[in-house]
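Engineer: My structure is below; once you've seen it, I'll send some questions.
The values are calculated or read from the model by the stated rules, or taken from the named source; none is laboratory data. This structure is a prediction, so every number in the text was calculated from the model and none was measured. Heads up, the Cβs are rebuilt from the backbone with ideal geometry, glycines too, and the neighbour counts pull from every protein chain shown.
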Amino acid sequence: MLTLIAAVIVAVVGSLIFWSNPARPENRVSFSCSLHLSAWLITLYLATASVGAVFWLRTACAISAWVPFHYWLVKENIAGTFRFSWSYLLGRAGGWIVSASVLVFICYSDSFIPAHSTPLVRIRGWGYYAYIILISCMYAYVFGNAYRALSRLTGVRRLELQVWLGGGCSMAVVILALMGLNAITHQRIYILLQPIVILGFYAGMIFAITTYRILDARQILLLVIEKSLLVSLCALVAFAVKLGMDFMLPGPFALLITTAVVLWFAAIIGGKLDRIFDFFPQAGTVRLAAFAVAQRETRLGNLEQAFSSILKGWGQTDRAIVLSGQKDLWIGSGIELSGDSPAGVALRQLRWVTPERIMRERLTPERDALGRFLSVHELGLVVIEDGPSLTLVVGVGVGASRRPYTFPQVTLLLELASIIENALERAHFSAKVQHAEQLATVGLLGASLAHEIRNPLVSIKTFVQLLPTHHHDPKFREKFFSLIGDEVARIDQLTQQLLDLAAPRTYETKLIELHPLLRSSLELVATKAVHRDIQFVTEFGASPDRAYTDASAAKQVMLNLCFNAIQAVELHQGRQRWVKISTRNTPNGIEMAVADSGSGISAEIRPKLFQPFQTTKSSGFGLGLAICSDILANLNATISVDPLQPGYGAVFRVTFPCQPLSS
């Protein structure tokens, strides 16, 4: 019955393969080969289960005689050299037809199974052994011919032929060995094992050749060896432990301990075997590199560039793309792809795509458009990762070896895409909240700027009103022109500072003098402090004061810390109301400290102070310090807060490096 079930399964598998893509020659010949093997299994079943066993055994061997020819047809289709014409069949296939016909004649002759052979006394004639030798030679020839064809093939055809060659050889060797053992021992078990071998090898081999997953014969072989070795070792351990436990414990307890020991042993040995039989030694390295970039970089431009370099190195190619965006439009690497386009729709349906997958599956207009997208941009593998608010498309070009990407590599790239998507989504969110914080800071500066701009405007207005009566006075005109220039320059400086603070930008470190920058920035918040009866104290003790940082970034951090200090002093009901800014030289660079006379920071919130959404104020989102920490990390600077001291407020310390950021 097992043989009959195997025959049905093989026929169904062949039908599904043909249905999946009838236009592909490999699928058609795999379907015909499936029907061929199914017919052989049915006759083999009849040979073991019916009255006319000898006749059905002859028929099974006769059908099997044509299998090498069918294997040769599979090889020709994989290699792309098959031509359906009479001249081709009579020329290149003539020898196969004659050889198979001779074997069929032998099967139905008395030399194969003599007439006096009975089920109880089985006799095999010289023709039976000649059949085994001749069909072995046919298998050897077809597999040798396939091996020679490997040197002329590249890409996916080479991988397909390797899989077919390895699986087919293994299946043929095992079947012939079982036939030989049956002839020698006359044990029926060797006939019953044949359908199991056929089912296992054939299903795996055809799946590897026709499925959209590209597999490497070496990877499959290593996987089989690894799992076989693991099962064998576990079986030996189970036998030894069970044998020892049976002398000391009752049966159920012995079985329980044996199971526990074998599971522990399998977990330990399985991990070691995974490392020994590692298909892609660079997989662990590329994961660590991706995690390192995700932790180190927070700016979108740097992230995309770093991830692109990692992908190029992993794929051994000079082409890699990283597209990101909302659900309907993905942009990056000079490419724009719409989610509503045929290529975008197909990519979402498939999740990953290679040119070989497009070739193997049933073609649709959407997949054809996706195939053209791969061809135009010279890509060998593209995956898509849909995040909560960001969609990521990652692709790598064809490698230098021109080998197609196999399915284990696809799964690795999907894993890398998930890491990249998380990093980019965090960077997008950080950029948005940073911009929001910038705008909030600009709003807080509005009152101060209005007051600062009003003073020069009043002076200008006064002189303009006096101009009609004093325009003949040379001293008045000179003073008027000088004042107009100075006051307009002051207004221009204030508005430019506001624009610099509000506009998002990419920070670039360079050597700057820190004290002039701090003094100019303090003008923006001094008025705000004075209006709230808060004293501003400066103590710039750093000498020299040159540091490697970005002026706009340092200004934003300082303003954020100052505004936080002013708000902390306002909320505190103490008599001392001051904010102090100081600088000093340290072994690590120049330290800027912002201290206040507020109530300080509680011990509960201190461990998470620089994480998002940590705030003690009734308004705001608690993002200011997190953004400051993020900005300073990009500039190789640090921020910290002093331990809480009773009776004192908070002291934040920012250290700017005096050396350029190492690449």
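Yes/no matrix, rows are residues, columns are (1) under 24 Å from residue 329 (Cβ atoms); (2) in contact with a strand residue (DSSP E or B) (Cβ under 6 Å, 6 or more places away or on another chain):
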| residue | (1), (2) |
| --- | --- |
| 352 | yes, yes |
| 359 | no, no |
| 366 | yes, no |
| 371 | yes, no |
| 378 | yes, yes |
| 394 | yes, yes |
| 400 | no, no |
| 406 | no, no |
| 413 | yes, yes |
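Engineer: Out of (1) surrounded by 11 or more Cβ atoms within 10 Å (Cβ to Cβ); (2) under 27 Å from residue 302 (Cα atoms); (3) modelled with pLDDT of 80 or more, what's the single condition that is false for residue 510?
Structural biologist: Among (1) surrounded by 11 or more Cβ atoms within 10 Å (Cβ to Cβ); (2) under 27 Å from residue 302 (Cα atoms); (3) modelled with pLDDT of 80 or more, the lone unmet condition for residue 510 is (1).
Engineer: Now a separate question. Could you list all residues from the stretch 365-417 that are among the hydroxyl-bearing types (Ser, Thr, Tyr) and surrounded by 15 or more Cβ atoms within 10 Å (Cβ to Cβ)?
Structural biologist: 391, 405, 406
Engineer: Additional query: Which residue out of 241, 231, 224, 262 is of a type in the set (A, V, I, L, M) and at pLDDT below 75?
Structural biologist: None of the others qualify; the one that does is 224.
Engineer: A further question on this structure: Output the residue which, of all residues in the stretch 44-84 that are among the basic types (Lys, Arg) and crowded, with 19+ Cβ neighbours inside 10 Å, is modelled with the highest pLDDT.
Structural biologist: By that ranking, first place goes to 58.
Engineer: Could you tell me whether any residue of the stretch 28-36 is outside any helix (DSSP H, G or I) and of a type in the set (S, T, N, Q)?
Structural biologist: no
Engineer: Something else: Answer yes or no: is there a residue in the stretch 571-580 that is at pLDDT 80 or above and buried (at least 19 other Cβ atoms within 10 Å of the Cβ).
Structural biologist: Checked against the condition, which is being at pLDDT 80 or above and buried (at least 19 other Cβ atoms within 10 Å of the Cβ), the stretch 571-580 yields at least one hit.
Engineer: Considering the stretch 456-488 alone, what residues qualify as being of a type in the set (S, T, N, Q) and without any contact (Cβ under 8 Å) to a residue 12 or more places away in the chain?
Structural biologist: Selection gives 462, 465, 469, 482.
Engineer: Out of the stretch 223-265, which residues are loosely packed, with under 14 Cβ neighbours inside 10 Å and among the hydroxyl-bearing types (Ser, Thr, Tyr)?
Structural biologist: The answer is 228, 232, 259.
Engineer: Among the residues of the stretch 216-232, is there at least one that is touching a residue at least 12 places away in the same chain (Cβ under 8 Å), out of contact with any Cys (no Cβ under 6 Å at 6 or more places or on another chain), in a loop (DSSP other than H, G, I, E, B) and not small (Gly, Ala, Ser)?
Structural biologist: yes
Engineer: Could you list, in sequence order, the residues of the stretch 31-75 that are hydroxyl-bearing (Ser, Thr, Tyr) and under 42 Å from the mean Cα position of the chain (by Cα)?
Structural biologist: 32, 34, 38, 71
Engineer: Within the set of pairs 6+ apart or on separate chains, which have a first residue in the stretch 103-116 that is in contact (Cβ under 8 Å) with a residue 40 or more places away in the chain and hydrophobic (A, V, I, L, M, F, W, C), a second that is surrounded by fewer than 13 Cβ atoms within 10 Å (Cβ to Cβ) and in a loop (DSSP other than H, G, I, E, B), and C-beta atoms under 8 Å apart?
Structural biologist: Cβ pairs passing all conditions: 113/123.
Engineer: Just checking, how many residues over the stretch 178-203 are out of contact with any helix residue (DSSP H, G or I) (no Cβ under 8 Å at 6 or more places or on another chain), assigned to a helix (DSSP H, G or I) and over 28 Å from residue 32 (Cβ atoms)?
Structural biologist: Counting residues in the stretch 178-203 that are out of contact with any helix residue (DSSP H, G or I) (no Cβ under 8 Å at 6 or more places or on another chain), assigned to a helix (DSSP H, G or I) and over 28 Å from residue 32 (Cβ atoms) gives 3.
Engineer: For residue 87, which of the numbered conditions (1) hydroxyl-bearing (Ser, Thr, Tyr); (2) loosely packed, with under 14 Cβ neighbours inside 10 Å; (3) modelled with pLDDT of 80 or more fails to hold?
Structural biologist: Failed condition: (3).
Engineer: Only one of 41, 4 is crowded, with 19+ Cβ neighbours inside 10 Å, touching a residue at least 40 places away in the same chain (Cβ under 8 Å) and touching a Leu at 6+ places or on another chain (Cβ under 9 Å). Can you tell me which?
Structural biologist: Going through 41, 4 in turn, just one is crowded, with 19+ Cβ neighbours inside 10 Å, touching a residue at least 40 places away in the same chain (Cβ under 8 Å) and touching a Leu at 6+ places or on another chain (Cβ under 9 Å): 41.
Engineer: Kindly indicate whether any position in the stretch 266-289 is in contact with a helix residue (DSSP H, G or I) (Cβ under 6 Å, 6 or more places away or on another chain), closer than 30 Å to residue 630 by Cβ and either surrounded by fewer than 14 Cβ atoms within 10 Å (Cβ to Cβ) or at pLDDT 85 or above (or both).
Structural biologist: The answer is yes, given that some residue of the stretch 266-289 is in contact with a helix residue (DSSP H, G or I) (Cβ under 6 Å, 6 or more places away or on another chain), closer than 30 Å to residue 630 by Cβ and either surrounded by fewer than 14 Cβ atoms within 10 Å (Cβ to Cβ) or at pLDDT 85 or above (or both).
Engineer: Another question, then. Within the bounds of the stretch 326-339, is there any residue that is in a loop (DSSP other than H, G, I, E, B), of a type outside the set (Val, Ile, Thr) and surrounded by 19 or more Cβ atoms within 10 Å (Cβ to Cβ)?
Structural biologist: Checked the stretch 326-339: at least one residue is in a loop (DSSP other than H, G, I, E, B), of a type outside the set (Val, Ile, Thr) and surrounded by 19 or more Cβ atoms within 10 Å (Cβ to Cβ).
Engineer: Return yes or no: is residue 156 assigned by TED's automatic domain parsing to the domain that holds residue 92, closer than 25 Å to residue 408 by Cβ, part of a helix (DSSP H, G or I) and touching a Pro at 6+ places or on another chain (Cβ under 6 Å)?
Structural biologist: Considered against the rule, which asks whether it is assigned by TED's automatic domain parsing to the domain that holds residue 92, closer than 25 Å to residue 408 by Cβ, part of a helix (DSSP H, G or I) and touching a Pro at 6+ places or on another chain (Cβ under 6 Å), residue 156 comes out as yes.
Engineer: Looking only at residues in the stretch 297-325 that are farther than 24 Å from residue 429 by Cα and among the charged types (D, E, K, R), which one is surrounded by the most Cβ atoms within 10 Å (Cβ to Cβ)?
Structural biologist: 319
Engineer: Let me confirm something: among 392, 413, which residue is under 26 Å from residue 296 (Cα atoms), within 15 Å of the chain's Cα centre (by Cα) and assigned to a helix (DSSP H, G or I)?
Structural biologist: Matching residue, one of 392, 413: 413.
Engineer: Something else about it: Limited to the stretch 527-564, what total is found for residues that are among the hydrophobic types (A, V, I, L, M, F, W, C) and within 14 Å of residue 578 (Cβ to Cβ)?
Structural biologist: 6
Engineer: Just one of the numbered conditions (1) of a type in the set (A, V, I, L, M); (2) more than 28 Å from residue 162 (Cβ to Cβ); (3) in contact (Cβ under 8 Å) with a residue 40 or more places away in the chain is not true of residue 257; which one?
Structural biologist: The one condition residue 257 does not meet is (3).
Engineer: If you scan the stretch 17-29, which residues turn out to be at pLDDT below 85 and within 20 Å of residue 171 (Cβ to Cβ)?
Structural biologist: Across the stretch 17-29, the qualifying residues are 17, 26, 27.
Engineer: Kindly indicate whether any position in the stretch 54-73 is of a type outside the set (Val, Ile, Thr), assigned by TED's automatic domain parsing to the domain that holds residue 146 and without any contact (Cβ under 8 Å) to a residue 12 or more places away in the chain.
Structural biologist: For the stretch 54-73, residues of a type outside the set (Val, Ile, Thr), assigned by TED's automatic domain parsing to the domain that holds residue 146 and without any contact (Cβ under 8 Å) to a residue 12 or more places away in the chain: present.
Engineer: With respect to residue 447, is the statement that it is modelled with pLDDT under 65 and exposed (fewer than 13 other Cβ atoms within 10 Å of the Cβ) true?
Structural biologist: The answer is yes for residue 447.
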